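Only one structure is covered here, and it is reproduced in the block below.
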Amino acid sequence: MLLEAQAVTKAFDSFRAVSDADIAVEEGEIVGLIGPNGAGKSTFFNCLAGDMVPTAGRIAFAGEDVTRASPEAHARIGVGRTFQVPATFEDMSVLDNVMVGAYLRHPHRNDAREHARRIIELTGLKGQMDQWARSLGTPGRKRLEIARVLATSPRLMLLDESLAGLTPTELQEAIALVRTIHEMGVTIVIVEHIMEVIMTLTKRVLVFNQGHVIASGKPEDVVKDEAVIEAYLGRGQHIRRERRQ
Amino acid sequence: MKSLTAAGPAALLLAAGLLSYPVVFSDPYYLDIGVTFLLAAISASAWNVVGGYAGQVSVGHSMFFGIGAYAPLLFYTLFKWPPMVGIPVGIAVSVALAVVIGVPTFRLTGHYFSMATIAVAELIRIFFGTWNLVGAAIGLQGPATARGWWDLTFRSELPYYYIFLAVLALLLYFTFAVERRRFGYYLRAIKAGERASRSLGVPVQQTKIKALIFSAAFTSVAGSLYSIKTGFIDPESGFGILVSVQMVIIAALGGAGTLFGPLVGALILIPLQTATNTWFGGGGSGLTYILYGGIIVVIARFEPGGVFELWDRIVPRRWRRKYAA
């Protein structure tokens, strides 16, 4: 098991944002995390990335206890993450942004730059390499975030709504990019609202509601689950159908 | 990358100008302005590493300047040793202080960090003002006449000018090297976003402390050079808040976080400051506060990025691209 979280709870004062959540991810998997807004996905995510220390529970990565490890320690052992709101380094060029990630495993400038260039090419940012990050639009920023994390050579990538806010064409390109990364041997956990992404990319999903994992399994089965429809997808599917008509 | 290539020819021109300045302006009055300018440029460039590149705005760098300034004169006063013996001691104490101060204060961000640094510098100033070993409120004096070249006590300002210029060149060279290395990238990343930096494996706390050590060491050297040249130091001229504020203003004026920003800032501020002090005579120090306040307002209102950013905006993009490519 590459990532294993058991009974993770994160409470803010009396409010339990995440309550007794479990996840187990095998090397090479793509696992989806879905659930309505405020379900606790991002909090759980932050616990997995070391950005928050859980109130209770245990998280292990590659057999090593990382429950209390810092975000930088997570990066070093091979856990990379993106942010829901892109946190690109605005006053640095695209290349320099990616180089910051590349420096983790390539301490020398030339190696880091070469590695960053490869990643930039792979993520389709070659044309914008020398632009300021702040000059990129939302799709570019999301791509840059993925590129920057990828440059740290992670074994596990945690994608927090990295595909939200894209046009249909951009979305297809982004899905293809995630596939490419997966084929490179990177295990992926993805938080996403867009069912199309979940359905096409993942073989297994966890559904969050009010801090609890209420269902898990194949996406096509989960979609039919009563509790899930009740909590989230029901309303979502309903709206979808309405829009189509 | 852009500032580097575009600044290449400009830097050469600047170097030629600085080297020949004492020849062209040999009058002691102008030479003194030159020496003051170099010292201000060294302090502000040293501050720039942690305050500019890493974005950790210290307003208490006078603590390192003061320690660097007291050390040489203390050794002279106590043991009659050549003042320059104090330079490495000042560096060592400043570096130790940087670690001691850095560990707790770097847990604070933004204004809280700035305020904590002011508080520490003020504490040290008040402490030195009552400590008899360092002359309390009166301060310390250096050798009145040189016993040999090693006292670095010269009648003319000319030797100081070239010593200071050499130190500035060394500091800028180190900064240039830092800028290109992982360390420099990490500093800029920390300024741009600590959370994202950590998620990419940047050891934020450790990098900040390294930057502060580098910065403190050179600020201390600036202080030592100041006291050796002036032959006098007291709590206000060593640890006063104006000393810290001057570094911040000069760097911000020229462009914090750029290699030549502090130098450009000093090039503007020092002549301006000297001129206002000369024109208005005795009430000089009060006027300095007003000048600094005015500059802060102007920078904050019109150009938070400093003169370098102004250049970015004024010079047409097409023209710049030629250099960037």
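Couple of notes before you dig in:
- Candidates are the residues of the stretch B:212-223 that are closer than 16 Å to B:Ala96 by Cβ and surrounded by 24 or more Cβ atoms within 10 Å (Cβ to Cβ); the one that is farthest from the other protein chains (Cβ to nearest Cβ) is B:Gly223.
- Residue count, the stretch B:105-146 (criterion: assigned to a helix (DSSP H, G or I) and under 22 Å from B:Ala71 (Cβ atoms)): 13
- Residue in the stretch A:98-133 that is surrounded by the most Cβ atoms within 10 Å (Cβ to Cβ), counting only those that are part of a helix (DSSP H, G or I) and within 8 Å of another protein chain (Cβ to nearest Cβ): A:Gly101
- Condition broken by A:Arg148, with the remaining ones in (1) more than 25 Å from A:Met199 (Cβ to Cβ); (2) under 15 Å from the mean Cα position of the chain (by Cα); (3) away from chain B (no Cβ under 11 Å) satisfied: (3)
- Filter result for B:Ser199 (touching a Lys or Arg at 6+ places or on another chain (Cβ under 8 Å) and hydroxyl-bearing (Ser, Thr, Tyr)): yes
- In this structure, A:Leu33 does satisfy being away from chain B (no Cβ under 14 Å) and outside any loop (DSSP other than H, G, I, E, B).
- In the set B:Gly129, B:Gly135, only one residue is modelled with pLDDT under 90 and within 28 Å of B:Ala98 (Cα to Cα); that residue is B:Gly135.
- Single residue of A:Thr180, A:Thr187, A:Thr202 found to be β-branched (Val, Ile, Thr) and free of Cβ contacts under 8 Å to residues at least 60 places away in the same chain: A:Thr180
- Applying the condition of being closer than 22 Å to A:Ile120 by Cα and either touching a Gly at 6+ places or on another chain (Cβ under 7 Å) or more than 12 Å from every other protein chain (Cβ to nearest Cβ) (or both) to the stretch A:46-78 and asking which residue is surrounded by the fewest Cβ atoms within 10 Å (Cβ to Cβ) yields A:Arg76.
- Failed item, numbered, when A:Asp91 is tested on (1) of a type outside the set (Gly, Ala, Ser); (2) outside any helix (DSSP H, G or I); (3) under 22 Å from the mean Cα position of the chain (by Cα): (3)
- Identity of the residue in the stretch A:79-97, among the β-branched types (Val, Ile, Thr) and more than 18 Å from A:Gly50 (Cβ to Cβ), that ends up nearest to the other protein chains (Cβ to nearest Cβ): A:Thr88
- Some residue of the stretch B:170-183 being surrounded by 19 or more Cβ atoms within 10 Å (Cβ to Cβ), at the interface with chain A (Cβ under 9 Å from one of its Cβ atoms) and of a type outside the set (S, T, N, Q): yes
- Members of the stretch A:165-194 that are part of a loop (DSSP other than H, G, I, E, B) and of a type outside the set (A, V, I, L, M): A:Gly165, A:Thr167, A:Gly185, A:Glu192, A:His193
- Exactly one residue out of B:Thr105, B:Thr109, B:Thr77 is loosely packed, with under 14 Cβ neighbours inside 10 Å, modelled with pLDDT under 95 and of a type in the set (Val, Ile, Thr), and it is B:Thr109.
- Residue selected from the stretch B:147-158 under the condition surrounded by 16 or more Cβ atoms within 10 Å (Cβ to Cβ) and in a helix (DSSP H, G or I), by the criterion nearest to the other protein chains (Cβ to nearest Cβ): B:Leu158
- Here B:Gln206 clears all of (1) more than 11 Å from chain A (Cβ to nearest Cβ); (2) of a type outside the set (D, E, K, R); (3) surrounded by fewer than 18 Cβ atoms within 10 Å (Cβ to Cβ) except the condition numbered (1).
- B:Gln246 being buried (at least 19 other Cβ atoms within 10 Å of the Cβ) and without any contact (Cβ under 8 Å) to a residue 40 or more places away in the chain: no
- Set side by side, the residues B:Ser45, B:Ser58 differ, and just one is away from chain A (no Cβ under 14 Å), within 20 Å of B:Arg188 (Cβ to Cβ) and not in a helix (DSSP H, G or I), which is B:Ser58.
- Of all residues in the stretch B:61-85, those satisfying the criterion of being within 30 Å of B:Tyr186 (Cβ to Cβ) and part of a helix (DSSP H, G or I) are B:Ser62, B:Met63, B:Phe64, B:Phe65, B:Gly66, B:Ile67, B:Gly68.
- Conditions (1) within 19 Å of A:Gly50 (Cα to Cα); (2) within 11 Å of chain B (Cβ to nearest Cβ); (3) polar (S, T, N, Q); number of the one not met by A:Ser162: (2)
- Residue that is surrounded by the fewest Cβ atoms within 10 Å (Cβ to Cβ) [pool: residues in the stretch B:189-203 that are within 7 Å of chain A (Cβ to nearest Cβ) and among the hydrophobic types (A, V, I, L, M, F, W, C)]: B:Ala192
The values are calculated or read from the model by the stated rules, or taken from the named source; none is laboratory data. This structure is a prediction, so every number in the text was calculated from the model and none was measured. Cβ coordinates were reconstructed from backbone atoms using ideal geometry, including for glycine residues, and neighbour counts include every protein chain displayed.
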